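The structure follows.
The values are calculated or read from the model by the stated rules, or taken from the named source; none is laboratory data. All values reported here derive from a predicted model rather than from experimental measurement. All Cβ positions, glycine included, derive from the backbone under ideal geometry; neighbour counts span all protein chains shown. Accessible surface is based on the protein model in full, side chains and every heavy atom, while ligands, DNA and RNA are left aside. Shrake-Rupley method; radii C 1.70, N 1.55, O 1.52, S 1.80 Å.
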Amino acid sequence: MSAELLTFGCRLNTYESEVMRGHAAGLADTLIVNTCAVTAEAERQARQAIRRAARERPGLSIVVTGCAAQRDPAAWRALPGVTRVLGNAEKLLAAHWAKDAPDAVSDIMTQRAVPAHPVTEFAGRARAYVQVQQGCDHRCTFCVIPFGRGPSRSVPAGAVVTQARALVASGYQELVLTGVDITSYGTDLPGRPSLGSLARRLLALVPELARLRLSSLDPAAIDEDLWRLLAGEPRLMPHLHLSLQAGSDLILKRMKRRHLTADARAVIARARALRPDIAIGADLIAGFPTETDALFAETLDFVRESAIPYLHVFPYSERPGTPAARMPAVPVAERRARAGRLRAAGAEAAAAFFAAQLGRTVTVLTERDGTGHSEHFAPVRLAAPHAPGRLLAARVTGTDARGLSAEAA
Ligand code: SF4
């Protein structure tokens, strides 16, 4: 009997949950809740899950980890059923998973390295995540992540290659490079290797790896190695997800982002010039403080003009202690309404992007229940079920706003 895991938030949390699954293998009647602090809603859902588990399963030992626990351990320790709180550094160390080990949350801002924690399996997932970086040195005015994850630090390339080899040996066909701010990769390593040079080295040293995908990129920090790789390496997937956050220069300045709309336009244009069929995704915040109707219209126009098919839109969420939380707020209902309009624009672009795939042959990484994702990360419904985790050539027979329908080619 092994501990159960409930994971909130980002791919990095998913990766770390697999590390904890290994460490907590011997713990019975234990639920690990790996929290996220990016939005108030993420924290609310974790609290709700903890209260429900404690109510429905008296005697269950609940261990809380993750960014929300790192930022306010006492608050999470006070919830019913919680027997231990571990910080983001401690949760990855076996010693803290001994049967009656105590709470342990150290000052994350003092972390200086990312110890390697090899993982060979991602329970129930067709693709695997490889951590290459941790933490963040930026201070976007809406964000608490640096205070949950600490300063930016990189996993040495050798450890990344070793991890990738282990996952490919376990049968994974697709790996996703992940972290908090992966475009900061290497700034703390000797010789300051770039993210692009890491990806090139990985693909060269792991020739069996079929598909490499990148998680979210800071549009202000995409390096020339990465552009060259994107231009010429078919194993690097034609899919870039950008941490845009807004399409208005004034709002971007108030967010303390490192790019303006002209930079974002140039990045999207360059990506499409290098890989005309490339899929672009973006994170956007709707209703950031001081965002007037006119400033919102700038973001909406930007999204429509850029035809970004994969939009992840979040209504702005106040985070305690952040500069943005002290700025004049947009009413919550208006934030949600604006998020809805951005999502609608994204859905239009997605439908058009999917429609352009009709009749083409795509390569699908199969998942459960006859589904999968193409190299462009388009959701695919297959005519027949296939074993998960396989690469399948499939001809697109239909499309709609949700994705592609396809049959084995
Ligand atoms: S880059 Fe900005 S939004 Fe991203 S984790 Fe760092 S502070 Fe947060």
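Out of the residues in the range 98-121 that are touching a helix residue (DSSP H, G or I) at 6+ places or on another chain (Cβ under 6 Å) and assigned to a loop (DSSP other than H, G, I, E, B), which is nearest to G389 (Cα to Cα)?
So the residue we want is T120.
Does the range 98-124 hold any residues that are more than 30 Å from M327 (Cβ to Cβ) and within 16 Å of the ligand (Cβ to nearest atom), and which are they?
V114
Right, another one. Do you know which residues across the range 95-114 are open to solvent by 60 Å² or more (accessible area, probe 1.4 Å), touching a residue at least 24 places away in the same chain (Cβ under 8 Å) and more than 25 Å from the chain's Cα centre (by Cα)?
Selection gives K99, D103.
If you don't mind, there's one more thing I want to ask. I'd like to verify a number: residues in the range 125-179 that are within 16 Å of the ligand (Cβ to nearest atom), part of a loop (DSSP other than H, G, I, E, B) and not β-branched (V, I, T), how many?
Number satisfying all stated conditions: 12.
Give the residue, chosen from P219, P207, that is part of a loop (DSSP other than H, G, I, E, B) and open to solvent by 20 Å² or more (accessible area, probe 1.4 Å).
P207
Let me ask another. Provide a single number: the residues in the range 37-52 that are open to solvent by 10 Å² or more (accessible area, probe 1.4 Å) and either in contact with a strand residue (DSSP E or B) (Cβ under 6 Å, 6 or more places away or on another chain) or assigned to a helix (DSSP H, G or I) (or both).
Here the count works out to 11.
Can you find a residue in the range 345-362 that is aromatic (F, W, Y) and part of a helix (DSSP H, G or I)?
Yes, that holds for at least one residue.
Follow-up. Are any residues in the range 383-393 surrounded by 15 or more Cβ atoms within 10 Å (Cβ to Cβ) and either part of a loop (DSSP other than H, G, I, E, B) or at pLDDT below 95 (or both), and if so, which ones?
H386, P388, G389
Could you tell me which residue of the range 334-382 is surrounded by the fewest Cβ atoms within 10 Å (Cβ to Cβ), considering only residues that are in contact with a Lys or Arg (Cβ under 7 Å, 6 or more places away or on another chain), more than 15 Å from H312 (Cβ to Cβ) and free of Cβ contacts under 8 Å to residues at least 40 places away in the same chain?
It comes out as G370.
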